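This report refers to the structure that appears directly beneath it.
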Amino acid sequence: MPIMIRKSKDGHGVVITGHGTVTDREYLQTFLEHLNESPDERRGQLYTLVDWSGITRAEVKSDSIRHIADMCKLKAPPGLKLILATVAIEDVVYGLARMADVFKQRMGWQTAIFRNRNDAEGWITQKVKEQYALDSLNFETVD
């Protein structure tokens, strides 16, 4: 699959990566499977890092982005104040990330989009420290 969703080694986050061409069907299938996990699977999640820097082509419809954002709102635990950073290099991917960002900001989540992963990780680290008093994070993932 061109989209991978994995938990971070520190247990506080989820890291989503994409590479190559991502179709609308793949986008919907991957995120719906993730959102249909047990709420216990998402317990303790403070942040999400979405790294789309490896995507070279995105064939994702705006309706699908809105649908996944709506599902995130429906499936999120009450009161969740998620910190979400997206990395997008390609202009088209950046535009799609911006669309998703607008929908997720309406949920009260802290969101930002970056052109490189180091800046995104730094922003998440700062926000988690401010909000949860955690000094260090590990963005490596559990396979």
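The values are calculated or read from the model by the stated rules, or taken from the named source; none is laboratory data. Remember, predicted model here, so these are calculated numbers, not experimental data. For neighbour counting, all protein chains shown are included, and Cβ atoms are generated from backbone atoms with ideal geometry for every residue, glycine included.
Within the stretch 4-29, the set of residues being farther than 20 Å from ILE113 by Cβ and part of a strand (DSSP E or B) comprises ARG6, LYS7, GLY20, THR21, THR23. Summed over the stretch 75-99, the residues that are out of contact with any helix residue (DSSP H, G or I) (no Cβ under 7 Å at 6 or more places or on another chain), hydrophobic (A, V, I, L, M, F, W, C) and in a helix (DSSP H, G or I) give a count of 3.
Among the conditions (1) in a helix (DSSP H, G or I); (2) aromatic (Phe, Trp, Tyr); (3) touching a helix residue (DSSP H, G or I) at 6+ places or on another chain (Cβ under 9 Å); (4) modelled with pLDDT of 95 or more, the only one that TRP52 does not satisfy is (1).
Beta carbons closer than 7 Å, at least 6 apart along the sequence or on distinct chains, pair a first residue in the stretch 16-32 that is surrounded by 20 or more Cβ atoms within 10 Å (Cβ to Cβ) with a second that is of a type outside the set (Asp, Glu) and in a helix (DSSP H, G or I) for TYR27/SER64; PHE31/ILE68.
Which of the residues spanning the stretch 100-124 are part of a helix (DSSP H, G or I), without any contact (Cβ under 8 Å) to a residue 60 or more places away in the chain and under 20 Å from VAL14 (Cβ atoms)?
ALA100, ASP101, PHE103, LYS104, GLN105, ASN118, ASP119, GLY122, TRP123
Taking the criterion of being assigned to a helix (DSSP H, G or I) and over 14 Å from VAL15 (Cα atoms), the residues of the stretch 125-143 that qualify are GLN126, LYS127, VAL128, LYS129, GLU130, GLN131, TYR132.
Could you check the stretch 61-106 and list, in sequence order, the residues that are among the polar types (S, T, N, Q) and surrounded by fewer than 15 Cβ atoms within 10 Å (Cβ to Cβ)?
SER62, GLN105
Suppose the filter is over 20 Å from HIS19 (Cβ atoms) and among the aliphatic types (A, V, I, L, M); does ALA76 pass it? For ALA76, the condition - over 20 Å from HIS19 (Cβ atoms) and among the aliphatic types (A, V, I, L, M) - is met.
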